[in-house]
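Report on the structure given below.
FYI, it's all coordinate maths here, none of it is from the lab. Just so you know, these numbers come straight off a predicted model, no measurement behind them. Reconstructed Cβ throughout: ideal geometry from the backbone, glycine too, with neighbour counts over all protein chains shown.
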Amino acid sequence: MIKFDEVTKTYGKVIALKNVSLEIHKDEFLSLVGQSGAGKSTLISLIIGEERPDSGRILIDDIDVARIRRTDIPFLRRKIGVVFQDIKLLRNRTAYENVAFAMEVSGEKNNSIRKEVPKILEMVGLEDKAKAFPHEMSGGEKQRIAIARALVHKPVLLLADEPTGNLDSINAWDIIQLLLKINKNGTTVILATHAKDLVNSVKKRVVTIEKGEIVLDQQKGKYVL
Ligand SMILES: Nc1ncnc2c1ncn2[C@@H]1O[C@H](COP(=O)(O)OP(=O)(O)OP(=O)(O)O)[C@@H](O)[C@H]1O
Ligand SMILES: [Mg+2]
């Protein structure tokens, strides 16, 4: 589904990714681990076409994202849901409205919004918080809404960049469970994180990057840095 073929990405003098080759298969749950500055977020921004590599190819379902036209990026983005560490919910909108808004901006009809949003809220376990505003929700709940929002287009791929970074361990574990459930329902998931204990418990594929290079790729792996 995703193939990195000898991808190098620099920012000025900084080599953020160096000759990275990696294949991610459909329905996989992959944890991407490594210390701060290792290149995790860079890898994610390359997948969504936000950054372009200096060299190498990045294929997503046979589209070369490294050479994609700017105008085609919105189509790519519809296949991919993204969740970031800093959640950025709309403050003046309820949980329901935050999810609905993501559908509105992409031109969904009101009918389907009314039908889909409750289902998505239920999926993330927050149907009872539909009317809550962000300041009335916990960090973990807000992160669930961010995940709900990323799911509105029924993406084939979900990218989560440090989704548990600001959460305590219980809430973080709940978020991981939610990502596993989403994966079970047929979405490929890439989770970038430092959270060693969490990744150990997941027992899925773990790719470790160090200074822009993949140093380990383990099935049911463990975090080693
Ligand atoms: N826009 C940018 N301009 C210049 N350098 C950048 C930029 N983005 C990232 N870098 C550098 O590229 C390297 C990889 O950064 P990246 O954000 O991918 O790391 P990371 O693994 O996500 O780290 P963290 O765990 O702290 O989020 C770092 O040295 C970083 O300073
Ligand atoms: Mg990062």
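The mean sequence distance of close C-alpha pairs (under 8 Å, at least 6 residues apart), as a share of the length of the chain, puts its relative contact order at 28 percent. The helix-based estimate of mean residue ellipticity at 222 nm for the chain, built from -39,500 (n - 2.57) per DSSP H run of four or more residues and divided by its residue count, is -10000 deg cm²/dmol to the nearest 500.
For the stretch 106-225, the relative contact order is 18 percent, taking Cα pairs closer than 8 Å that sit 6 or more residues apart in sequence and dividing their mean separation by the residue count. Measuring r between the beta carbons of ARG57 and SER169 and using R0 = 25 Å, the FRET efficiency lands at 0.05.
Once the Cβ-Cβ distance of SER201 and GLU127 is raised to the sixth power relative to R0 = 25 Å, the FRET efficiency obtained is 0.40. For the stretch 191-215, the residues whose amide N sits under 16 Å from a probe point set 7 Å from the Cα of ILE15 along the beta carbon direction are 209-215.
Let me make sure I get this right: for the stretch 1-132, a, b and c are the square roots of the gyration tensor eigenvalues over alpha carbons, sorted descending. Under 1.5 in a/c it's rounded, otherwise prolate if a/b > b/c, else oblate. Which is it? Working shown, then result.
Values: a/c = 2.28, a/b = 1.92, b/c = 1.19.
In terms of gyration-tensor shape, prolate.
Within 10 Å of each residue's Cβ, count the other Cβ atoms and sort TYR11, TYR96 from fewest upward.
Values: TYR11 10, TYR96 22.
Least crowded to most crowded, the residues run TYR11, TYR96.
Considering only MET103, LEU17, ALA160, the residue lying farthest towards the positive end of the dipole of the stretch 2-218 is MET103, judged by Cα position with unit charges set on Cβ.
Are there trypsin sites (Lys or Arg not before Pro) in the stretch 104-200 that DSSP marks as loop and that have at most 11 other Cβ atoms within 10 Å, and which are they? Please report the intermediate quantities before stating the final value.
On the way: sites: LYS109, ARG114, LYS115, LYS119, LYS129, LYS131, LYS142, ARG144, ARG149, LYS181, LYS184, LYS196; in loops: LYS109, LYS131.
Passing both the DSSP loop test and the Cβ count: LYS109, LYS131.
Label-to-label distance for SER112 and LYS181 is 2.4 nm, based on points extended 7 Å past Cα in the beta-carbon direction.
Working from the Cα coordinates of the chain, the gyration tensor eigenvalues give, after taking √(5λ), semi-axes of 29, 21, 15 Å in decreasing order. Between SER36 and HIS153, the distance separating the two model label sites (each 7 Å from Cα on the Cα→Cβ line) works out to 3.2 nm.
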